[in-house]
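Every number here is computed from the coordinates shown, using simple stated rules; none is lab data. In this text, all values refer to a predicted model and were calculated from it rather than measured experimentally. Ideal geometry is used to build each Cβ from the backbone, glycine not excepted, and the neighbour counts take in all protein chains shown.
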Amino acid sequence: MPTSVPFPSVACAMLSLLVIFGVPIGLGIAVNRKHKGSGYAIMIGAFCFIISAYVLEQILHGLVFTAFPNIRDNIVVFCLYGCLTAGLFEETARLLGLRMLCRKDKSPAVGFAYGVGHGGIEAILLAGLTMVNNLMVMYAINSGNTDSLLTGLEGDQITLAQEQLAQLAAVPATQWLAAGFERLCAIGLHLALSMLIWMVVTRRLPAWGYPAAIGLHAVSNLPAMLYQAGVIGVWPTEFATLILVILVALLVRQLYLHAEPARL
C-alpha cells in the first residue's frame, strides 16, 4: 500500500484541475460580458459535443470494434479511423449547431462562444471529473484513510485495488501536469475550428471550409492517437499537439483577416 502521494504530484494535479475548469469558465464569463446571447451558444456547443462524441461516435465505435476486433493491432488503420471519425462527428455537429445559432445572430462572438461550450464540456467530462476523483483518492492516501477506498471489496479485488492505488501514487508529477496542458491545447483547437466553421456558416468562406475543418481536426488528433497506440510518450504528444494547434489557429486567423464580408 502507498504511504503517501508526493506534494509535487498533488500540486500538479490541482493546477491541471484549475486549468480544466477555470479556463472554460473564465472564457465563458468573458464572452458573456461582451455579447448578449453567448450563454445560449455555449450551451448549444456543449450539447452538440455530447451528442456527437459521447453518443453517436460511441455507437459507431461499438459497431466497428465489434466487427473488426483487431483494428487496434494495425497502427495506421487505427490512427486514421480514430482521427477521421472524431473530425467528422465533431465538425458536423459544429456545422449544424452554428448554422442554427447564426440564423438569429451572426456575430463572431457566437462562433467563439460555441467553441467555449464545445471545448469546455469536453475538458470537464473527459479530464475534469477524473481529476476530481484522483485528487480525492490522493487525499485519502495522504490522510491514511485508504481503508475507506477498499470498503466492500474482497480477496483479489482488494489486491487489485491496492495495486491501483500504488500505481496512482507513483505517477510522476509531470504526468499530472500534462492533463491540464492537453486540455488547454484542445480548448484552443475547438475555439479555432469553431471560428472556421462560423466563417463557413456566415458565408465568409466557401463550403470547402467544412471538409477543411474535418481534416485539420483529424491531423491535430494524430499525436493523441499515436500515444494511445503506444508509439510516443506523454510529453512528445503534448508538444506535437501544441505545435499543430498553433498552426491551425494561425491559419484560421489568416482566413478570418482575409475573409470576404458575409453575403447575406
Q. What spacing in nm lies between the two simple spin-label points modelled at residue 33 and residue 11, each 7 Å away from Cα in the Cβ direction?
A. 3.0 nm
Q: Would you indicate which of (i) 18.7; (ii) 37.6; (iii) 16.0 is the value of mean projected area of the Cα convex hull in nm² derived from the coordinates of this structure?
A: (iii)
Q | Acute angle (nearest 10 degrees) that the helix 57-67 long axis makes with the longest principal axis of the chain, alpha-carbon atoms | A | 60 degrees
Q) residue 72 to residue 129: FRET efficiency via 1/(1 + (r/R0)^6), r the Cβ-Cβ distance, R0 35 Å, to the nearest 0.05? A) 0.90
Q | Choice from 221, 70, 32 with maximal GNM fluctuation in the chain (Cα, 10 Å cutoff) | A | 70
Q.
Quick one: 3J(HN,Hα) in Hz for region 105-113, Karplus 6.51/-1.76/1.60 with θ = phi - 60°, rounded, Gly and Pro as x.
A. 8, 9, 5, x, 4, 5, x, 5, 5
**Q.** Distance from region 1-51 to region 162-183 (C-alpha centre basis), Å
**A.** 19 Å
Q: Taking only Cα atoms and a 10 Å spring cutoff, compute GNM fluctuations for the chain and point out the largest among 53, 30, 213.
A: 30
Q) Label-point separation (nm) for residue 80 and residue 174, each offset 7 Å from Cα along Cα-to-Cβ? A) 3.4 nm
(Q) To test your reading of the geometry: what angle, between 0 and 90 degrees and rounded to tens, separates the Cα axis of helix 7-34 from the longest principal axis of the chain? (A) 20 degrees
Q. Pairing the Cα long axis of helix 234-258 with the longest principal axis of the chain, what angle in degrees results, from 0 to 90 and rounded to the nearest 10?
A. 10 degrees
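With a 10 Å Cβ neighbour count serving as the proxy for reagent exposure, in which order, fewest first, do 38, 107 appear?
Going from least to most buried by this count: 107, 38.
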Q: For each of 131, 43, count neighbouring Cβ atoms within 10 Å of the residue's Cβ, then give the residues from fewest to most.
A: 43, 131
Q | Efficiency of FRET from Cβ geometry, residue 229 and residue 148, R₀ 41 Å, rounded to 0.05 | A | 0.65
